Amino acid sequence: MTEKTNIYRKNLNAAQLEAVQAPDGPSLIIAGAGSGKTRTLVYRVAWLVEQGIDPGRILLLTFTRKAAQEMLNRVETMLGISCREISGGTFHSLGYRILRRQGGLIGLSGHPTVMDRPDAVEVMGRLIKAQGQDRHSEAPGRKDLVELISRINNRDLDFEQGVRVFAPQWENLIPRLNSLRQAFEDYKRQHFLLDYDDLLLYTLKLFADHPEVARTLSAHYQYVMVDEYQDTNLLQAQMVRALIQTHGNLMVVGDDSQSIYGFRGARVKNILEFPKSFPQARIVTLEENYRSSQAILTLANTVISFAAQRHSKCLRAHNPAGELPRCIELPHEEGQSQFIVSQLKALQKQGLPWSETAVLFRAGYHSFNLEIHLQKSGIPFVKYGGRKLTEGAHIKDLLAYLKVAQNPQEALSWERILRHLEGLGPKRAGQIVSGLLELPEWDSRIRFLQEYPRPQPQLGRLGEMLNLLGGEPLSPSAALEIIWEYYQPLLPRLFEDPEYRKKDIEELLRVSNVYTDVDEFLGDLLLETPDGDADSGQERLVLSTVHSAKGLEWRAVFVIWLTEGRFPSTHARESQEELEEERRLLYVAVTRAKEKLFLTYPLQGSERGGGWQHNEASRFIALLPEEILRRQTPMRENVPRVFQAEPPRRVVREDGGYPVGLKVYHPLFGSGIVEEPPQDRKIRVKFRSYGSKVLHLDFARLEKA
DNA sequence: TACGGGAATATTTTT
DNA sequence: TATTCCCGTA
């Protein structure tokens with residue numbers, strides 16, 4: 001025992017040790033960026049297990065299952081005991097697990113299907129159409145409406161009240177919106193669908209209607225730990241309270257400076273008011289930073305020091321000063337990408353592996369241009385955030401077959417499946433689906449398909465394949481094999497790039513091998529963001545949104561597109577609160593770096609439709625002094641002075657400003673040849689490496705070369 | 001009724 | 001840049 005205690009002493013500082021050995025009851029660990037949070041949690045679990053706690057009775061709620069898994073693996077190697085029974089994952093996946101087992105108590109029997117965001121949007125679109133769309137230009141689109149409903153749900157607000165708070169511009173549409181919301185709820189009920197919010201809402205409803213369920217769970221999970229507590233919302237806090245009701249053994253870990261999920265209802269309040277909610281709470285603050293150099297930390301502390309709200313700690317560096325972070329101004333996006341590529345190559349020459357480097361940005365599409373350059377230079381990379389693997393049409397297709405076998409009420413997937421058949425359009429698909437939903441049994445549905453008259457050999461074949469899925473429950477991989485055999489021949493007709501899609505699907509098949517239960521497989525896929533684990537050991541540069549980079553670290557980090565409008569995003573202009581979240585987001589971004597940090601922005605950016613815009617440096621970095629941030633403008637002399645986004649607009653006359661064949665220069669695309677003279681204020685130019693582009697003369701002015 | 005092609009248009013962040 | 005929508009044709 002003494003020996004083991006020494007291991008703790010040796011590997012933890014005083015604050016960490018205090019957290020690890022905290023007695024029973026509630027405790028709050030404020031853990032600054034890079035302060036050894038994961039290590040602390042790992043040792044805490046190990047310590048509990050050493051005290052004789054059954055690992056099966058520890059619940060570890062983390063941001064991703066991967067994070068939980070990683071921690072448990074570390075505990076295993078530390079103690080040499082199996083912690084596989086420890087439950088972990090996200091709130092949403094926990095909710096899904098509970099509902100699958102006991103949802104029957106509140107009328108969710110069978111196999112409810114989890115609906116992702118695009119599915120929800122699709123459903124809403126149909127409901128809007130069905131209700132008669134009088135083309136109200138002011139009415140919200142399907143996407144905005146789904147978004148709004150979710151916003152309101154996650155804050156546990158009354159709908160009307162929520163609309164007034166979050167969308168006052170639609171206040172006079174409340175009755176209409178409310179009926180759409182109701183129709184949406186009905187649709188989900190009818191088809192056994194659960195959206196993300198339902199996983200939390202129904203779990204809470206289950207707890208409320210059947211208190212014994214919550215009590216039993218609480219009694220089972222003797223110790224509950226929650227990571228990234230600053231990003232939990234009201235519903236999640238309620239879940240936690242229910243789960244610890246019998247014992248109060250709760251440890252939450254978080255950092256109010258890193259709260260970046262306000263848009264989905266995260267409440268920093270949960271962490272700030274923790275001591276109020278749990279007066280006996282023990283509070284430990286971890287301020288010692290083991291990750292970043294002093295120079296990087298100084299920048300981070302400065303960035304956050306301008307925040308409107310006082311934060312609960314200040315990071316102290318453990319590492320030597322290191323290099324000053326650099327801020328590089330570039331003439332345009334093209335230049336920014338070129339700069340990054342050249343720096344990456346230089347860093348690699350210095351011996352830094354690709355996997356120790358990351359490029360971070362505010363929104364998924366900010367990296368499009370860079371991705372092209374990386375591909376050209378043959379630099380291997382993975383991208384986190386942005387579009388998901390499971391959102392690709394081909395993956396959704398494959399899963400649709402699986403979902404239908406699992407939950408035959410799933411109209412959306414039925415339609416998707418039928419759309420794969422030649423000679424079957426939306427009209428007939430609709431008829432077939434409503435026929436299918438009437439039928440009570442799998443066999444009768446198969447027969448219905450096989451006897452349906454019109455596109456016949458095809459429907460028969462579909463029926464045959466589904467027949468194989470309908471018998472005894474299959475393992476996910478066995479089922480997918482059957483589906484894939486049927487679906488593969490369809491690929492070339494459905495997509496332009498079947499080869500690429502095929503690779504994706506094979507990846508999915510590999511992932512499925514791990515699972516025995518189809519529900520669990522589908523749930524994980526939709527709730528746990530599988531980010532192509534298969535080759536994670538490989539040497540690849542990481543591209544990531546800042547949100548998806550949370551909790552990760554690299555020796556060298558680039559943050560790109562630090563301009564007003566992108567970072568902070570224009571969407572955050574509205575309120576002070578949102579702006580503060582953007583600031584914390586930058587704080588999260590820069591604290592990912594251990595040794596080298598580069599902040600870049602292009603002076604000119606292309607806007608939608610080929611227009612041009614002048615960018616300002618982000619307000620977060622514009623005023624920082626040279627001692628904190630070293631500024632450079634390596635390509636200044638190349639800045640082409642070309643155009644103006646705002647009026648005065650200049651329209652080139654059709655009478656020959658740019659005749660066909662004239663060589664012109666364009667700052668982004670290089671030199672090109674005019675293919676068609678200006679017409680309707682547009683001109684078509686062919687560029688060497690970018691092909692033909694139609695440019696708007698209103699906004700862009702080409703320079704004759 | 002299905003389907004292809006062309007044009008218009010929208011682009012935060014995540015479970 | 002990718003998706004969606006709309007229209008003309010088979």
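Between A:ARG264 and A:SER179, what FRET efficiency comes out of the Förster formula 1/(1 + (r/R0)^6) with R0 = 30 Å and r the beta carbon distance, rounded to 0.05?
0.75
Calculate, in nm to one decimal, what A:ARG117 and A:LEU439 gain on full extension: separation in residues at 0.36 nm each, minus their alpha carbon distance.
Length difference between fully extended and current span is 113.1 nm.
In the stretch A:237-316, which GluC sites (Glu not before Pro) fall in coil by DSSP and have 10 or fewer other Cβ atoms within 10 Å?
none
Here is the link list: A:LYS188/A:LYS550; A:LYS188/A:LYS503; A:LYS396/A:LYS503; A:LYS349/A:LYS503; A:LYS276/A:LYS313; A:LYS66/A:LYS596. Which ones come out longer than 24 Å on Cα distance?
Cα-Cα > 24 Å for A:LYS188/A:LYS550; A:LYS188/A:LYS503; A:LYS349/A:LYS503; A:LYS66/A:LYS596; rest within.
Can you sort A:PHE521, A:PHE159 so the residue with the fewest Cβ neighbours within 10 Å comes first?
Ranked by crowding around the Cβ, least crowded first: A:PHE159, A:PHE521.
Out of every Cα pair in the stretch A:541-581, what percent are spaced more than 13 Å from each other?
Counting pairs separated by more than 13 Å, the tail of P(r) holds 62 percent.
Can you work out the PRE-style zone for A:GLU323? Point 7 Å along Cα to Cβ, and I want the residues of the stretch A:346-390 with backbone N under 17 Å.
A:346-360
If contacts are Cα pairs under 8 angstrom and at least 6 residues apart, what is the relative contact order of the stretch A:359-476 in percent?
16
May I ask you to compute the full-extension gain from A:GLU451 to A:SER109, defined as 0.36 nm times their residue separation minus their alpha-carbon distance, rounded to one decimal in nm?
Result for the pair: 120.1 nm of gain on full extension.
Hey, fewest Cβ within 10 Å first, where do A:ASP54, A:ASP195, A:ASP504, A:ASP255 land in order?
The fewest-first ordering by Cβ neighbours comes to A:ASP54, A:ASP504, A:ASP195, A:ASP255.
How far apart, in nanometres, would the label points at A:VAL165 and A:ALA130 be if each is projected 7 angstrom from Cα along the Cα-to-Cβ direction?
So the two model labels end up 2.9 nm from each other.
Please list log₁₀ I(q)/I(0) at q = 0.21 Å⁻¹ for the stretch A:192-251, using the Debye equation with identical point scatterers on the alpha-carbon positions.
Taken in order of the listed q values, log10 I(q)/I(0) reads -0.85.
Please give the FRET efficiency for A:HIS210 paired with A:HIS247, using the beta carbon to beta carbon distance and R0 = 30 Å, rounded to the nearest 0.05.
Efficiency at R0 = 30 Å is approximately 0.95.
Report relative contact order for the stretch A:210-286 in percent, whole number only (criteria: Cα-Cα under 8 Å, sequence separation at least 6).
Taking the mean separation of contacting Cα pairs over the length of the stretch A:210-286, I get 35 percent.
Based only on Cα atoms, what Rg/Rh ratio does the stretch A:402-560 have, Rh being taken as Kirkwood's radius?
1.06
Explain nothing, just the number: dipole magnitude of the stretch A:18-94 about its Cα centre with +1 on each Lys and Arg Cβ and -1 on each Asp and Glu Cβ, in debye rounded to the nearest 20.
280
When only Cα pairs under 8 Å and 6 or more residues apart are kept, what is the percent relative contact order across the stretch A:247-326?
Relative contact order, the stretch A:247-326: 32 percent.
Coordinate-derived values only; no laboratory data. None of these values were measured; they are calculated from a predicted model. No Cβ is skipped: glycine too gets one built from the backbone with ideal geometry, and neighbour counts run over all protein chains shown.
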